[in-house]
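First up is the structure itself, then whatever we jot down about it.
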Ligand code: ADP
């Protein structure tokens with residue numbers, strides 16, 4: 001007897017199937033609900049769903065035999081994309097391809113003794129079509145999920161690689177917000193100086209479009225920043241790779257000191273050799289011609305030997321002071337004394353030296369200024385600054401001078417030693433206080449010196465709680481300022 005159905009029931013079946021199928025998460029559950037719904041309106045011997053390779057995917061009976069004639073029918077139905085049925089031995093096997101547009105995903109088979117009416121046949125066709133749509137969507141959803149997992153895994157993989165870099169890596173979008181970074185960045189993103197430098201180079205890349213390189217110091221670490229433009233989804237972004245170069249810098253500094261030391265040994269040997277050579281030459285002459293020399297010549301020779309030995313002594317003193325500074329062993333012996341008086345004494349004792357170089361040595365001071373300091377060391381500072389002023393005077397200048405002035409400034413006094421000599425280029429003005437540093441080459445023997453006088457001077461001033469700085473213009477002259485606290 002042919003099965004019959006009211007259109008209301010058909011409507012109800014379709015809507016309940018749509019509701020059910022929209023909730024399923026996997027193809028197996030969908031196929032099961034398809035089988036269950038078909039069972040509701042056909043009395044079946046069995047129902048089965050085959051995949052497109054004709055393997056049984058789901059059925060309500062375990063052992064289904066598909067005979068050759070049925071197999072031919074199935075193939076025909078799949079090829080023509082059309083439902084059909086095979087009537088044999090008083091039973092009918094209905095064949096519905098599960099298809100969507102021009103794609104067949106499988107086939108629904110239902111073996112029944114009751115041949116269904118046209119409406120039921122149509123209904124099952126429709127359900128098979130709906131199932132195919134849902135199956136394909138599930139497939140798409142699964143492949144999307146798979147792709148999403150692949151993207152996620154690739155991202156993790158990349159992140160692991162970026163996290164293993166010693167560099168900080170960060171990508172900023174056009175609003176300068178980080179859109180990608182490694183762990184190293186997250187550890188440092190709170191350092192204001194670094195973040196400021198990152199934003200500055202990134203801004204430059206965005207405005208100029210070209211690669212930027214910058215170095216920055218933040219919280220005791222030196223960083224080298226390289227920033228490049230990259231494009232992502234139509235937006236210009238900035239990729240930054242930031243390397244900690246503190247060790248490289250320290251190495252460079254040590255190499256520089258090492259070179260300075262080598263130069264220093266060469267220059268100090270030269271410095272020591274000059275007075276020594278003079279002493280040797282004069283004493284040899286005196287020894288070989290003692291009886292031939294008159295008293296005046298002998299006295300002149302002895303004067304030179306004495307002067308050169310003093311020079312030698314002062315060089316050795318300077319070296320010893322330097323060694324003390326290196327070992328942090330310099331101690332002060334403070335007394336209360338009049339600085340104006342000391343300046344007078346030093347300028348007087350150095351006037352001969354200045355005169356020999358055609359330099360006027362002037363003092364511009366006013367009344368006594370008492371300070372509590374190590375007199376010997378302050379004398380040494382004055383001698384060093386004045387002798388530098390004389391040493392670095394301009395060779396062919398008519399009116400050369402070195403002037404020592406004092407100025408009271410609250411609880412301190414500022415001594416300035418000015419000259420109209422060769423001056424110091426701006427880029428070296430801080431370096432002159434560094435050990436072994438000499439403007440020009442350390443091996444330039446035109447002026448004597450080992451490049452440690454100002455290092456010692458600065459150390460002495462700072463040990464007194466004072467400050468030293470300078471102003472200078474090339475070819476015009478220099479002023480060295482020394483600020484010292486007044487006496488107690
Ligand atoms: P040096 O023994 O070479 O004089 P210093 O430490 O006293 O060593 O000075 C360091 C360097 O600073 C000098 O070599 C010189 O180049 C520069 N300098 C110091 N004082 C002056 C000055 N008054 N005018 C120009 N250059 C100076």
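Would the stretch 7-144 count as rounded, prolate or oblate if I go by the C-alpha gyration tensor, calling it rounded below 1.5 in a/c and otherwise prolate when a/b exceeds b/c, oblate otherwise? Taking the square roots of the gyration eigenvalues as a ≥ b ≥ c, the stretch 7-144 is oblate. Label point of residue 394 set 7 angstrom out along Cα-Cβ; within the stretch 449-486, amide nitrogens under 18 Å from it belong to 471-480. If you plug the beta carbon distance of residue 326 and residue 229 into 1/(1 + (r/R0)^6) with R0 = 41 Å, you get a FRET efficiency near 0.25.
What nm value, rounded to one decimal, do you get for the distance between residue 64 and residue 471 when each label is placed 7 Å out toward the C-beta? For the pair residue 64/residue 471, the computed spacing is 10.3 nm.
Taking the C-alpha atoms only, the angle from helix 246-288 to the longest principal axis of the chain is near 20 degrees.
Taking only the Cα atoms of the stretch 330-488, the radius of gyration and Dmax are 15.1, 45 Å. Kindly list the residues of the stretch 468-488 that lie in the label zone of residue 428, defined by a backbone N under 14 Å from the point 7 Å along the Cα-to-C-beta vector. Of the residues in the stretch 468-488, 472-478 have backbone N under 14 Å from the label point off residue 428. For the pair residue 45 and residue 133, the difference between a 0.36 nm per residue extended length and the Cα-Cα distance amounts to 29.0 nm.
The angle separating the long axis of helix 7-23 from the principal Cα axis of greatest extent in the chain is about 30 degrees.
Ranking of 224, 77 by neighbouring Cβ atoms within 10 Å, starting from the fewest: 224, 77. For the chain, what is the percent of antiparallel DSSP beta bridges, rounded to the nearest 5? Antiparallel bridges: around 90 percent, rounded to the nearest 5. In the stretch 259-328, the convex hull through the Cα atoms has an average projected area of 5.4 nm², a quarter of its surface area. Panel order for 290, 30, by other beta carbons found within 10 Å of each beta carbon, from fewest to most: 290, 30.
In terms of Cα atoms, the Rg and Dmax of the chain work out to 49.3, 160 Å. State whether the stretch 374-468 is rounded, prolate or oblate according to the following rule on the C-alpha gyration tensor (a ≥ b ≥ c being the square roots of its eigenvalues): a/c under 1.5 gives rounded; otherwise a/b larger than b/c gives prolate, and the remaining case gives oblate. Since a/c reaches 1.5 but b/c is at least a/b, the shape of the stretch 374-468 is classed as oblate. Give the calculated FRET efficiency between residue 345 and residue 236 to the nearest 0.05, with a Förster radius of 56 Å applied to their Cβ-Cβ distance. E(calc), rounded to 0.05, equals 0.20.
Compared with the dominant Cα axis of the chain, that is its longest principal axis, helix 118-164 is turned about 20°.
Volume of the convex hull of the stretch 166-244 (Cα atoms only), normalised per residue: 78 Å³. Using C-alpha pairs below 8 Å separated by at least 6 residues, the relative contact order for the chain is 8 percent.
Per residue of the chain, the DSSP helices (runs of n ≥ 4 H) give a summed -39500 (n - 2.57) that works out to -17000 deg cm²/dmol at 222 nm. Sorting 438, 473, 203, 19 on the 10 Å Cβ count, fewest up front, what's the list? Sorted ascending by nearby Cβ count, the order is 19, 473, 203, 438. Please state the shape class of the stretch 330-370: rounded when a/c is under 1.5, otherwise prolate if a/b exceeds b/c and oblate if not, all from the C-alpha gyration tensor. Oblate is the answer for the stretch 330-370, as a/c is 1.5 or above yet b/c matches or exceeds a/b. Each part gets one Cα centre, and for the stretch 247-324 versus the stretch 1-61 those centres are 111 Å apart. Stretching the chain fully between residue 285 and residue 91 yields a gain of 55.5 nm (0.36 nm per residue, less the alpha carbon separation). Protection proxy ranking for 246-253, 85-92, 96-103, using the average of other Cβ atoms within 10 Å per residue and placing the highest first: 96-103, 85-92, 246-253. Distance from the alpha carbon centroid of the stretch 84-133 to that of the stretch 207-245 works out to 65 angstrom.
Any read-out appearing in this document is the output of simple, stated calculations on the displayed coordinates, not a laboratory observation. Please read all numbers here as calculations on a predicted model, not as lab measurements. Ideal geometry is used to build each Cβ from the backbone, glycine not excepted, and the neighbour counts take in all protein chains shown.
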